[in-house]
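For reference, the structure is listed below as structure tokens.
The values are calculated or read from the model by the stated rules, or taken from the named source; none is laboratory data. Since the structure is predicted, the reported quantities are computational estimates derived from the model, not experimental observations. In this analysis, Cβ positions are derived from the backbone assuming ideal geometry, glycine residues included, and neighbour counts consider all displayed protein chains.
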């Protein structure tokens with residue numbers, strides 16, 4: 001199998017000033033082509049270290065993909081380091097990239113400076129892959145077998161994430177033209193409601209019976225649940241997809257309604273799929289989640305078809321005056337309670353006229369009361385089948401608790417709507 005290393009270049013990554021998102025995207029893209037990522041490395045803005053460490057990676061891997069250090073300022077030294085590494089005799093102008101640079105800067109109302117045009121100058125040892133989203137082109141360097149002990153290639157991409165992502169299809173096309181790739185079959189299943197350990201115990205009989213060439217990975221995420229990724233490396237894609245599908249059918253009874261999708265997606269996207277085209281609508285009433293549920297729902301294209309609006313009723317007075325929660329209920333049951341969550345859900349459904357509603361009330365961090373500790377949320381969901389509530393308790397910091405509250409609310413809503421669909425109410 002063709003092996004790859006991914007290298008990020010820049011002091012800003014090493015000191016934690018920015019988060020590296022490029023490596024995960026590049027690794028996934030390579031994996032989809034049957035190329036195995038064997039290492040991810042971050043390098044400083046130091047010319048000799050860049051040359052030394054990239055040389056090592058080219059010795060150990062067939063392909064090296066690096067990002068960063070291609071900007072117009074003096075601290076961007078990657079291009080010069082790569083020129084030395086590749087034995088370049090000088091620089092040549094990429095006329096096509098210069099045209100893109102001029103158009104890019106003019107469209108933004110910026111002056112075209114000499115430093116910008118310098119980005120179109122590339123080592124004569126590289127092949128240029130145009131960057132249509134920015135000013136620094138992608139540089140591809142191909143090395144003969146005698147240099148590193150095997151044919152090798154290095155691809156230098158801009159560090160700006162959306163530029164690197166946009167360049168990936170062209171980079172992959174060049175990789176596939178020079179290196180053998182392997183069919184690889186992945187299927188991802190999305191689950192919510194079980195911790196990784198509990199999920200593993202639940203499906204252990206199925207997992208133990210998997211064929212030896214099938215690999216299962218557990219990929220937990222606090223906002224989307226636990227992904228289950230089933231993979232087969234090699235073989236004919238159509239045949240392997242059929243085999244994986246057979247295993248998924250055997251797995252479904254173990255998961256029940258903890259399984260919410262048969263592809264890599266989100267709870268809010270699944271809810272959108274359930275409601276879109278049905279004529280049914282949705283609203284939210286949020287206290288401790290501060291509008292996060294509404295935000296997640298409206299990240300989905302076309303959500304205006306079914307999402308009517310939200311009331312962020314942070315203060316008790318808003319819960320009472322806008323949503324119609326009885327002050328006596330708050331006094332007797334507590335602000336974080338099943339009764340208040342139910343009243344909020346029913347109130348926002350009444351105010352907006354929506355088919356469904358979801359509401360949250362909770363303590364996100366160190367606060368709490370004698371009834372409920374910090375990290376507790378009550379979620380209410382209201383719809384044609386009545387109103388249901390559920391309590392969740394998490395032990396994270398404020399930000400993570402709010403994320404978990406929102407995800408738990410979406411999952412309870414998802415299960416409610418799915419039950420309606422099964423019973424014919426949808």
Open item on the list: Suppose the filter is closer than 16 Å to residue 343 by Cα and surrounded by 15 or more Cβ atoms within 10 Å (Cβ to Cβ); does residue 313 pass it?
Closed with: yes
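Looking at the range 200-236, which of the residues that are assigned to a loop (DSSP other than H, G, I, E, B) and in contact with a strand residue (DSSP E or B) (Cβ under 7 Å, 6 or more places away or on another chain) is farthest from residue 405 (Cα to Cα)?
Going through the qualifying residues, I end up with 213.
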TODO: Name the single residue, out of those in the range 249-265 being more than 22 Å from residue 301 (Cα to Cα) and surrounded by 16 or more Cβ atoms within 10 Å (Cβ to Cβ), that is farthest from the chain's Cα centre (by Cα).
DONE: 251
Task: Among the candidates 109, 69, residue that is more than 20 Å from residue 129 (Cβ to Cβ) and either surrounded by fewer than 16 Cβ atoms within 10 Å (Cβ to Cβ) or in contact with a strand residue (DSSP E or B) (Cβ under 9 Å, 6 or more places away or on another chain) (or both) - done: 109
- [ ] Considering each of 239, 268, 245 in turn, give the residue that is under 20 Å from residue 380 (Cα atoms) and either part of a helix (DSSP H, G or I) or over 23 Å from the mean Cα position of the chain (by Cα) (or both).
- [x] 268
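Yes/no per residue for (1) assigned to a loop (DSSP other than H, G, I, E, B); (2) surrounded by fewer than 19 Cβ atoms within 10 Å (Cβ to Cβ); (3) in contact with a strand residue (DSSP E or B) (Cβ under 8 Å, 6 or more places away or on another chain); (4) not assigned by TED's automatic domain parsing to the domain that holds residue 75:
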| site | (1), (2), (3), (4) |
| --- | --- |
| 12 | no, yes, no, no |
| 18 | yes, yes, no, no |
| 26 | no, no, yes, no |
| 29 | no, yes, no, no |
| 40 | no, yes, yes, no |
Open item on the list: Regarding the range 377-394, can at least one residue be identified that is over 17 Å from residue 191 (Cβ atoms) and assigned to a helix (DSSP H, G or I)?
Closed with: no
- [ ] Mind checking which helices (runs of 4 or more DSSP H) fall wholly inside the range 95-199 and carry at least 1 residues that are within 29 Å of the chain's Cα centre (by Cα) and either touching a residue at least 12 places away in the same chain (Cβ under 8 Å) or on the phi > 0 side of the Ramachandran plot (or both)?
- [x] 95-107, 161-178
TODO: Would you mind finding the one in 272, 347, 302, 290 that is under 30 Å from residue 219 (Cα atoms) and crowded, with 20+ Cβ neighbours inside 10 Å?
DONE: 272
TODO: Of the conditions (1) surrounded by fewer than 23 Cβ atoms within 10 Å (Cβ to Cβ); (2) in contact (Cβ under 8 Å) with a residue 12 or more places away in the chain, residue 54 clears all except one; give me its number.
DONE: (1)
- [ ] For residue 124, indicate whether it is surrounded by fewer than 15 Cβ atoms within 10 Å (Cβ to Cβ), modelled with pLDDT under 95 and touching a helix residue (DSSP H, G or I) at 6+ places or on another chain (Cβ under 9 Å).
- [x] no
- [ ] For residue 354, work out the one condition from (1) in contact (Cβ under 8 Å) with a residue 12 or more places away in the chain; (2) farther than 24 Å from residue 266 by Cα; (3) in a loop (DSSP other than H, G, I, E, B) it doesn't fulfil.
- [x] (2)
Open item on the list: Given the criterion in the same structural domain as residue 394 (by TED's automatic domain parsing), touching a residue at least 40 places away in the same chain (Cβ under 8 Å) and part of a strand (DSSP E or B), identify the matching residue among 347, 309.
Closed with: 309
- [ ] Answer yes or no as to whether residue 407 is in a helix (DSSP H, G or I) and without any contact (Cβ under 8 Å) to a residue 60 or more places away in the chain.
- [x] no
